[in-house]
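Read the structure below first, then the notes.
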Amino acid sequence: NLESNPYYGEAHAEVREYGLKGENLYYTPDYPPYYESFPDSIPELFLRKSVIARFMKVNHELKKYGLELFFYDCYRPLALVNFFHDVWFPERLRALHSDWTEERIMRVVNEYWAKGGEMIDPHSPPPHATGAAADLTIRHVRTGRELWMGSVVDDVTEHAHTDYYEDLYNQNFIEGLASPG
């Protein structure tokens with residue numbers, strides 16, 4: 001039973017009210033890769049309170065090294081989730097890959113964006129629409145300069161895959177073993 005989950009119905013809060021830093025990149029037109037404010041985006045950075053508590057512990061540890069978390073996005077209204085899944089990303093892929101079929105476009109879309117839709121599976125909702133997910137980085141407290149994490153925020157290429165650099169290293173290692181010399 002979904003209602004028996006201890007996090008079901010958990011209260012949300014704005015992360016900046018707890019001393020965490022951030023700015024919603026979908027609402028603020030100053031962030032790459034979009035440089036625009038999207039319909040149905042919100043300025044707030046809401047998360048479940050238990051998730052905020054965990055991030056506060058991480059942030060406390062980072063401060064010892066002159067670093068802090070910086071949030072780009074947390075809770076997303078379903079209308080925004082659907083906009084990226086149904087409109088923005090498919091249109092971008094069609095413009096970049098005119099030879100791709102609709103099936104291939106939607107396969108790639110589903111790799112990067114959760115579907116909100118009208119009929120959400122209550123056992124597997126889009127994580128951002130529940131306040132349980134955040135897009136964030138680590139930055140220097142003094143300068144605000146972000147650490148390089150291997151790709152830009154919201155990168156929708158293979159560089160954003162969690163194992164991209166490990167696979168690249170392994171591929172280069174294997175190629176090095178196979179090459180004469």
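The values are calculated or read from the model by the stated rules, or taken from the named source; none is laboratory data. Just so you know, these numbers come straight off a predicted model, no measurement behind them. Note: ideal-geometry Cβ built from the backbone for every residue, glycine included; neighbour counts use all protein chains shown. The accessibility values were calculated without ligands, DNA or RNA, using every heavy atom of the protein model including side chains. Shrake-Rupley method; radii C 1.70, N 1.55, O 1.52, S 1.80 Å.
Within region 99-153, how many residues are hydrophobic (A, V, I, L, M, F, W, C), modelled with pLDDT under 85, open to solvent by less than 70 Å² (accessible area, probe 1.4 Å) and closer than 27 Å to G66 by Cα?
1
Quick check: anything in region 42-56 free of Cβ contacts under 8 Å to residues at least 12 places away in the same chain and out of contact with any Gly (no Cβ under 7 Å at 6 or more places or on another chain)?
Scanning region 42-56, I find at least one residue that is free of Cβ contacts under 8 Å to residues at least 12 places away in the same chain and out of contact with any Gly (no Cβ under 7 Å at 6 or more places or on another chain), so the answer is yes.
Test F38 against the criterion of being of a type outside the set (K, R) and either more than 30 Å from N5 (Cβ to Cβ) or in contact (Cβ under 8 Å) with a residue 60 or more places away in the chain (or both), and give yes or no. Step through it out loud before you land on a result.
Working: of a type outside the set (K, R): yes; either more than 30 Å from N5 (Cβ to Cβ) or in contact (Cβ under 8 Å) with a residue 60 or more places away in the chain (or both): yes.
The answer is yes for F38.
Inside region 10-54, can you point out the residues that are under 15 Å from the mean Cα position of the chain (by Cα) and open to solvent by 50 Å² or more (accessible area, probe 1.4 Å)?
E23, Y27, P32, P33, F46
Hey, does region 112-121 have a residue that's out of contact with any helix residue (DSSP H, G or I) (no Cβ under 8 Å at 6 or more places or on another chain) and either small (G, A, S) or not in a loop (DSSP other than H, G, I, E, B) (or both)?
no
Among the residues that make up region 80-97, is at least one of them surrounded by 13 or more Cβ atoms within 10 Å (Cβ to Cβ), assigned to a loop (DSSP other than H, G, I, E, B) and within 12 Å of the chain's Cα centre (by Cα)?
no
Please specify each residue of region 16-35 satisfying the condition of being free of Cβ contacts under 8 Å to residues at least 24 places away in the same chain and aliphatic (A, V, I, L, M).
Within region 16-35, none qualify.
Anything in region 61-77 that is under 20 Å from P43 (Cβ atoms), open to solvent by less than 60 Å² (accessible area, probe 1.4 Å) and in a loop (DSSP other than H, G, I, E, B)? List them, or say none.
C74, R76, P77
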